[in-house]
Amino acid sequence: MLSRRTLLAFAGAAMAASMLGAAGARAAEPIKIGEINSYTRLPAFTVPYRKGWQLAVAEINAAGGVLGRPIEVVSRDDGGKPGNAVRLADELVRKEGVVMLAGTFFSHIGLAVTDFARQNKVPFVAAEPLSDALTWAKGNRYTFRLRPSTYMQAAMLAEEAAKLPAKRWATLAPNYEYGKSAVAAFKKLLSARRPDVVWVDEEWPPLFKMDAGATVQALANAKPDGIFNVTFGGDLSKFVREGKLRGLFEGRAVVSLLTGEPEYLDPLKGEAPEGWIVTGYPWYDIDTPAHKAFVAAYRAKYDDYPRTGSLVGYNTFKAIAAALARAGSTDREKIVDALEGLSLDTPVGPITFRAIDHQSTMGAFVGRTALKDGRGVMVDWRYANGADYLPSDAEVRKLRPQN
Amino acid sequence: MSFVVVQFLTGLASAASLFLVACGLSIIFGVTRIVNFAHGSFYMLGAYVALTLAERFAHAGAFGFWGAVVLGALAVGAFGVLVEVVVLRRIYRAPELFQLLATFGVVLVVQDAALAIWGPEDLLGPRAPGLDGAIDILGAPFPEYDLALIVIGPVVLGVLWLLFHRTRWGILVRAATQDREMVAALGVNQRWLFTSVFFLGAFLAGLGGAVQLPRESVSLLMDLNIIAEAFVVVVVGGMGSVAGAFLAAVLIGELNAFGILVFPDITIVLMFLVMAVVLVARPWGLLGRPETAPPRAPTVEPPLEPAGPRARYAVAAGFAVLLALPWVVADFTLVILIEIFIFALFAASLHFIMGPGGMVSFGHAAYFGLGAYGAAMLVQHLGAGMEPALAVAPVAAGAGALLFGWFCVRLSGVYLAMLTLAFAQIAWSVAFQWYDVTGGDNGILGV
């Protein structure tokens, strides 16, 4: 016979159990992070990039997630168009309810999402876009950038270029934000180190539509001693082929941005240029324990070697997890505060997101190209720490709008 | 001096590639009157197939390479026949726009197929054996392969001329280009004629792509990159005229080669400028002929009629519902609805100009852009509010249309469409380059 007391006791126990159960279910609710990138436009970079961040997220979730919750990434393809990226960012924030945004590849797309982040007060960790404007001229409280900017990489290359005897320099860059930013930075930094340098020619082919023959011919006609190259992907392949055929590189120094990265160097196979001074990622030669562990994990999961994109994707999401943990909550303002000054360990060493301009101190590998076993590799390389190639705080304050 | 000569020859080599792609398009249009948007896809397929074959025949030296090129072109020709039989045959009687859409559908299918078969990365093809060095021309090195291209161009032109002027099939093709109805009335099997013409056009496009192997990396962007150029060359040369395509290709190739020396930023827009100038001066292209008979009875759009009382009530009710929505639905649904109505407005305006207006316009998006930029620049440079900006937008677009339209309405049919495209591209490239006013390729942020 159930007395009223027993009934009440059972009801109380059942309610407590259900509340605990509900609390337990809420605790496992994933933290949604929005991710946008140009997957179809430059798959050479973005496919390894996606593998990289998927590896990072798998590792994070295997270790119990962040704040006791797993990370769920909602990823979208902007198809290489800034308008799409902004629209997708809107969808991710409003419909999917993501906590923050990450990704983008092209500099003009990065800038568009940077502006979106400012207007909608959403933290945005830009993984790859390199233009200086993201952290300086158009920088804002909500945007952070992982990769070393065009200024930083141009500084690393200008340091090497200044040691060469070359006095007459020509530049070749794709005609959009990234190319313009890179050439402006390199010219400023090299001329500062070597006031005797003369700029004899500038070529601005449209992105991925370069008329290689005519452009190489025009460069050769200017008779430079050194060439600064910013083209990448298909443009780089064309430039290397036509340049070699027309003898453009004979007796000339070539300083080239990003060419040492496997996604741009490997497709050239046996035609890879030799003796170019480049920034890149010699994954095959880095023997720190952290990096070896990263390569082993990547290989185990994908049966393929990592590219620069893999490292970028991996670092981006490890940084996001660290920021969430440091913030202790998914409140957007707290995440932004946590990202400022955040330090973490990566496969290529420790990095910090500077509070003054939200640029991370991730560096790049600087070296020379060479041919080995019929493939292009980087030799005589060193790791240039990003923190050493940034201008003084006073200059940064002038370059970045203070609000 | 040697530099001028070498640059001239470089221009000729680019012209040869352009010509190969464009002449196939010109032939297809001349006979079937179909604007074949999938032509770029044939070009890309030719490059991909030739790449695979060349790698397989790598041990066979020069024979292997050129064999791969020809086999690749033949494979694309066969694919062209497949497209014609399966897709286009059913829609010859349909309005021009549907045909364009159908060929655009083929473009999308080919894109996905290429991605699935060859993967997303750029592939660098092999060099032509025996032609992978450079020879000295007046002291400057010039690639041997470019010389081969300069020879291939006129050779193909010559072969085509022989084909069209010395064979019965060629006579039929030329007759069909002039007057399709009469050819049909005289009992020629039109189906077979169209299919064979399509085969030839696709073969030439595939050849154009295959021949690029030593010069360019093969990528999934090739089709969209080349199609605009091919159209421009065909229109400038005169649709249906192979010699015109050759002339136009040489003109554009040389202007590009020398243009970048004078004005490096002009590469983006040069060929559209040329097209605009040529079309204004010679409305049917350099060697084109005015169409002697309309290709088919144009579909007559009924004029717009004022709505009846029931329709008016329905619209008023719908309007009331829309006004109430912001209080009722979620934020994101509102955003989607806004986008839907923006597109609906654009579609209605396009329908107005193409249907009741009867003018096919490929450059309509330019006015969309002009309106957007007009409003954005007003806000950014003059600090105006939303209402004045919204009012200014259609005025800005209308002013642009007045300017472009003055040139465009003197033409008709596909030439009108191409001239509107030319002006749209010019407007685009001005906006793209004029960094200080329009923000360049970054656009105007933070409006």
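Just a few scattered comments:
- Residues considered: B:M359, B:M377, B:M418. Largest GNM mean-square fluctuation over chain B, using C-alpha springs under 10 Å, is found at B:M377.
- A Förster radius of 45 Å combined with the Cβ-Cβ distance from B:M182 to B:L390 puts the calculated FRET efficiency at roughly 0.25.
- Taking B:N225, B:N36, B:N189 as the candidate residues, the one with maximal mean-square fluctuation in a Gaussian network model of chain B, Cα springs under 10 Å, is B:N189.
- Among beta bridges from DSSP that stay inside the protein assembly as shown, the antiparallel ones total about 40%.
- Fewest-first ranking of A:I227, A:I320, using other Cβ atoms within 10 Å as the exposure measure: A:I227, A:I320
- GNM result for chain B, Cα springs below 10 Å: residue of B:G383, B:G363, B:G77 fluctuating most strongly: B:G383
- Classification of segment B:241-289 by its C-alpha gyration tensor yields an oblate form. The axis ratio a/c (a ≥ b ≥ c) is 1.5 or more, and b/c is at least a/b.
- Straight-line reach from A:K167: taking Cα to Cα under 19 Å and skipping same-chain neighbours fewer than 8 places apart, the lysines in range are A:K187, A:K188, A:K223.
- Separation of segment B:332-363 from segment A:214-240 is 43 Å, based on Cα centroids.
- Overall dimensions of the protein assembly as shown as given by Cα atoms, namely Rg and Dmax in Å: 29.7, 114
- Potential extension, A:L164-A:L67 segment - 0.36 nm per residue separation minus Cα distance: 29.7 nm
- Put in line by how crowded their Cβ is, counting other Cβ atoms within 10 Å and starting with the fewest, A:E96, B:E181 read B:E181, A:E96.
- Modelled FRET efficiency - R0 41 Å, A:N120 with A:A293, Cβ distances, 0.05 increments: 0.65
- Sequence-distant aspartates and glutamates (8 or more away, or on other chains) whose Cα lies within less than 19 Å of A:K334: A:D357
- Across the options B:G170, B:G61, B:G358, the greatest Cα extent toward the positive end of the charge dipole of chain B (unit charges at beta carbon of Lys, Arg, Asp, Glu) belongs to B:G170.
- Segment B:F332-B:Q433, extension gain: residue separation times 0.36 nm, minus the distance between their alpha carbons: 33.0 nm
- Inter-label distance, nm, simple model (7 Å from Cα along the C-beta direction), B:L115/B:A347: 2.4 nm
- Backbone N atoms of segment A:306-325 closer than 20 Å to the 7 Å Cα→Cβ label point of A:D345 belong to residues A:311-325.
- Scanning chain A for DSSP H helices at least 27 Å long along the axis (C-alpha atoms) with a Kyte-Doolittle mean no lower than 1.0 picks out nothing.
- Projected area averaged over orientations for chain B, convex hull of C-alpha atoms, nm²: 26.7 nm²
- Least to most buried among B:V395, A:V216 (fewest other Cβ within 10 Å first): B:V395, A:V216
- Here the label points at A:R193 and B:S412, each 7 Å from Cα along the C-beta direction, are separated by 6.6 nm in the simple model.
- Helix axis angle, B:222-237 relative to chain B longest principal axis, alpha carbon, degrees: 90 degrees
- Flagged links, alpha-carbon separation over 22 Å, of A:K51/A:K138; A:K269/A:K292; A:K32/A:K318; A:K81/A:K209: A:K51/A:K138; A:K269/A:K292
- Approximate spin-label separation B:V151-B:R174, in nm, with each point projected 7 Å along Cα-to-Cβ: 2.9 nm
- Cα-only radius of gyration and Dmax that characterise segment B:1-47, units Å: 14.6, 46
- All other residues whose Cβ lies under 13 angstrom from that of B:R282 are scored, Lys and Arg at +1 and Asp and Glu at -1, for a net of +2.
- Kirkwood Rh, Cα atoms: Rg over Rh of segment B:314-365: 1.14
- FRET E, pair B:F104, A:R4, Förster distance 60 Å, beta-carbon r, rounded to 0.05: 0.20
Only the coordinates and a few stated rules stand behind these numbers; no lab work does. As the structure is a computational prediction, the values presented were derived from the model and not from experiment. Virtual Cβ from ideal backbone geometry, glycine too; neighbours counted across all protein chains shown.
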